[in-house]
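The values are calculated or read from the model by the stated rules, or taken from the named source; none is laboratory data. Please read these numbers as outputs of a predicted model, since none were measured by experiment. Virtual Cβ from ideal backbone geometry, glycine too; neighbours counted across all protein chains shown.
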Ligand SMILES: [Zn+2]
């Protein structure tokens, strides 16, 4: 393994060459940019990969800082080439033809397939809605794949059991807990972030099965199930979805 720090597009990046299959890019909650790349890939290739993701990195860095500017963005139609996040990693969006609406990850791409009626003009409201819907379904599926393991682990720690976990897009919250039915709802957008964010939200909602409000007792209890809650909560502040 070899590691060095380089400046790429004005961003300080820690480049590590080691036994990995692909180039991996990560922005830590502390605002460090780490890139690992395989032995068979040249440093120049790794650097140009990072350059191509510089907008995404800047957006991720501004989220790690509470002082990050929240400049309003004019909505631009989503198209191929847009960068989306899945589990904290950037992927290039590719929209191609398919008989059905589907989404999958292939190497550095999230590939969305859409029937022809959407592809004729991707900028229409109907097509844009189809892209959002397909990506949301993909995120929900990603969430459901990891939930059994993560919820079991957290329920064991918290000694509380939710009656069910629902996954859907939520406008202004990461999760909610219905204390009378013990049902927990999780925002599917959590699949865009580091899995720690999802663990924290599960811990938070399970804590509500003991304490309804956000008082001292709540946070003291949450800290016993998930000690790092403050840091992870801060990392989610001001987070914006990939496709908005
Ligand atoms: Zn809460």
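For the stretch 115-127, the count of residues that are within 16 Å of the ligand (Cβ to nearest atom) and either closer than 30 Å to residue 92 by Cα or not assigned by TED's automatic domain parsing to the domain that holds residue 206 (or both) is zero. Residue pairs whose Cβ atoms lie under 9 Å apart, sitting 6 or more positions apart in sequence or on different chains, and linking a residue in the stretch 39-50 that is within 14 Å of residue 4 (Cβ to Cβ) to a partner that is assigned to a helix (DSSP H, G or I), are 50/57. So, of the residues in the stretch 151-166 that are crowded, with 18+ Cβ neighbours inside 10 Å and closer than 28 Å to residue 133 by Cβ, which turns out to be nearest to the ligand (Cβ to nearest atom)? For the stretch 151-166, the residue satisfying everything is 162. For the stretch 155-177, check the following and say yes or no: at least one residue is modelled with pLDDT of 95 or more, within 21 Å of residue 27 (Cα to Cα) and outside any helix (DSSP H, G or I). Scanning the stretch 155-177, I find at least one residue that is modelled with pLDDT of 95 or more, within 21 Å of residue 27 (Cα to Cα) and outside any helix (DSSP H, G or I), so the answer is yes.
Restricting attention to the stretch 9-32, the residues being under 16 Å from residue 91 (Cα atoms) and touching a strand residue (DSSP E or B) at 6+ places or on another chain (Cβ under 7 Å) number 5.
The condition of being within 30 Å of residue 132 (Cβ to Cβ), surrounded by fewer than 16 Cβ atoms within 10 Å (Cβ to Cβ) and away from the ligand (no atom under 16 Å from the Cβ) does not hold for residue 172.
If the condition is being touching a strand residue (DSSP E or B) at 6+ places or on another chain (Cβ under 6 Å) and closer than 30 Å to residue 105 by Cα, then the stretch 191-244 contributes 192, 201, 205, 242.
Per-residue answers, yes or no, for (1) away from the ligand (no atom under 13 Å from the Cβ); (2) touching a helix residue (DSSP H, G or I) at 6+ places or on another chain (Cβ under 7 Å):
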{"position": "168", "(1), (2)": "yes, yes"}
{"position": "177", "(1), (2)": "no, yes"}
{"position": "187", "(1), (2)": "no, no"}
{"position": "203", "(1), (2)": "no, yes"}
{"position": "208", "(1), (2)": "no, no"}
{"position": "213", "(1), (2)": "no, no"}
{"position": "226", "(1), (2)": "no, yes"}
{"position": "229", "(1), (2)": "no, yes"}
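Within this structure, residue 241 passes the test of being within 14 Å of the chain's Cα centre (by Cα) and not in a helix (DSSP H, G or I).
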